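The values are calculated or read from the model by the stated rules, or taken from the named source; none is laboratory data. Everything quoted here is computed from the prediction, not taken from an experiment. Counting neighbours? That spans all protein chains shown, and the Cβs are built from the backbone with ideal geometry, glycine included. These area figures cover heavy atoms from the full protein model, side chains too; ligands, DNA and RNA do not enter into them. Shrake-Rupley method; radii C 1.70, N 1.55, O 1.52, S 1.80 Å.
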Amino acid sequence: MAVTQAFEQWANPSSPHGPGRAARAALDDARNRIREALNWTGEIIFTGGATEAIAITLTRTGADAILVSSVEHDAVLRTADRAVVLPVDANGIVAAHVLESRLGALGARRPLVAIQSANNETGVLQAIETLAPLVRRAGGLIFVDAAQSAGKQALPDADLISISAHKFGGPPGVGALLVRDLGMLTAVGGQEQGYRPGTENLPGVLGMAAALEASRTWVDRAADLRAHLDGAIEASGGQIVAKAATRTPTIASYRMPGVTSAAQLIQFDMAGIAVSAGSACSSGSLRPSHVLTAMGWSESEAAEVIRVSFGPDTGRADIYRFIEVWQRISAGAAGRTG
């Protein structure tokens, strides 16, 4: 509704005429609404999504060195291809002593450390509240990709945060970079106070604001649904990825021994159930997940894992149907090998 109404009254927010000034007022109002909904006291730079926010951060902080966790989204790893990579443990967690050791060995005056809040494949939550003080003590900045957690959980304690509207029910193609202080970034001219050239996507921004203001009670429901599904998967001979870690309730990964992810995706799709293998952004490639291999999984094991997401419309009937299909696929594989 918010997006449709904005299209009907759209004007360029940078134009000096009356409609343009009205659009600018609507954009500024949305910025304040988003700031309030997220309980964010810093600045907001609107972008075309989390990927653009990530690129801005990794290329324009002037950091002497960049450190990234080995389980970051591909958008981070592609941009920071020369970064120091932080290993994770079997549960996908960056240990505080590992980060502290890498920072100590670096000797950089102003490192930038990128660690996501919730993993996009496993749902594992990083202990940002423990890691952030270590980064600041070393004189660095901490950047958190919060695409999977913003709008569902409280924002992490970070200097820069990327968010994506479609991850919390907003429209695709719009997101934001949250910045404690704009002085952390190099300006390049153009819109967004000179930090992001290009006409602002006012309809998308208004849709993002409306989505953040919507009820989040479904997230608690998703936690109950995932707990039920976890139990059923284990009872059916499946394996929960990062079972011992704290995970966001909206993402889960499961391994079905003996059945490839590709075979599972086809059969679930035929049953009308949409799942993915690895990151939803790159599942079409069906290549081994870098997240799982970083956690110590073999390529053959990782090739048997699927990713499941829980949304506002996911209900108990959907979970029952998923379990039914999972058990049928698993039993069929067992029958072929028995």
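Across region 140-164, the number of residues qualifying as open to solvent by 40 Å² or more (accessible area, probe 1.4 Å) and not polar (S, T, N, Q) comes to 2.
Looking across region 214-241 at every residue that is closer than 30 Å to Pro171 by Cα and among the small types (Gly, Ala, Ser), the one that is surrounded by the fewest Cβ atoms within 10 Å (Cβ to Cβ) is identified as Ser215. The lone criterion from (1) farther than 20 Å from Phe310 by Cα; (2) among the aliphatic types (A, V, I, L, M); (3) out of contact with any Ser or Thr (no Cβ under 7 Å at 6 or more places or on another chain) left unmet by Leu141 is number (3). When you scan region 168-181, do you find a residue that is modelled with pLDDT of 95 or more, farther than 30 Å from Ala252 by Cα and in a helix (DSSP H, G or I), even just one? Looking for residues that are modelled with pLDDT of 95 or more, farther than 30 Å from Ala252 by Cα and in a helix (DSSP H, G or I), one finds none in region 168-181, hence no.
If you take the residues of region 1-26 that are among the small types (Gly, Ala, Ser) and outside any helix (DSSP H, G or I), which of them is most open to solvent (accessible area, probe 1.4 Å)? My answer is Ser14.
The set of residues in region 165-184 being open to solvent by 10 Å² or more (accessible area, probe 1.4 Å) and in contact with a strand residue (DSSP E or B) (Cβ under 9 Å, 6 or more places away or on another chain) consists of His166, Lys167, Gly170, Pro172, Arg180, Asp181, Leu182, Met184. Filtered by the rule that a residue be within 13 Å of Val275 (Cβ to Cβ) and not hydrophobic (A, V, I, L, M, F, W, C), region 239-254 gives Ser253, Tyr254. Among the residues of region 27-69, those that are surrounded by fewer than 21 Cβ atoms within 10 Å (Cβ to Cβ), touching a Pro at 6+ places or on another chain (Cβ under 9 Å) and either farther than 18 Å from Thr199 by Cβ or modelled with pLDDT under 95 (or both) comprise Asp64, Ala65. Considering Gln327, Gln267, the condition of being open to solvent by 30 Å² or more (accessible area, probe 1.4 Å), at pLDDT 95 or above and touching a helix residue (DSSP H, G or I) at 6+ places or on another chain (Cβ under 6 Å) is satisfied by Gln267 alone.
Report yes if some residue within region 105-112 is assigned to a loop (DSSP other than H, G, I, E, B), modelled with pLDDT under 95, open to solvent by less than 30 Å² (accessible area, probe 1.4 Å) and not aromatic (Phe, Trp, Tyr); otherwise report no.
Taking region 105-112 first, the residues assigned to a loop (DSSP other than H, G, I, E, B) are 107-110.
Narrowing the set further to residues that are modelled with pLDDT under 95 leaves 107-110.
Imposing the further condition that a residue be open to solvent by less than 30 Å² (accessible area, probe 1.4 Å) reduces the set to 108.
Checking the rest, the ones that are also not aromatic (Phe, Trp, Tyr) come to 108.
Yes, region 105-112 contains a residue that is assigned to a loop (DSSP other than H, G, I, E, B), modelled with pLDDT under 95, open to solvent by less than 30 Å² (accessible area, probe 1.4 Å) and not aromatic (Phe, Trp, Tyr).
Of all residues in region 41-66, those satisfying the criterion of being more than 12 Å from Val113 (Cα to Cα), assigned to a helix (DSSP H, G or I) and not β-branched (Val, Ile, Thr) are Ala50, Glu52, Ala53, Ala55, Arg60.
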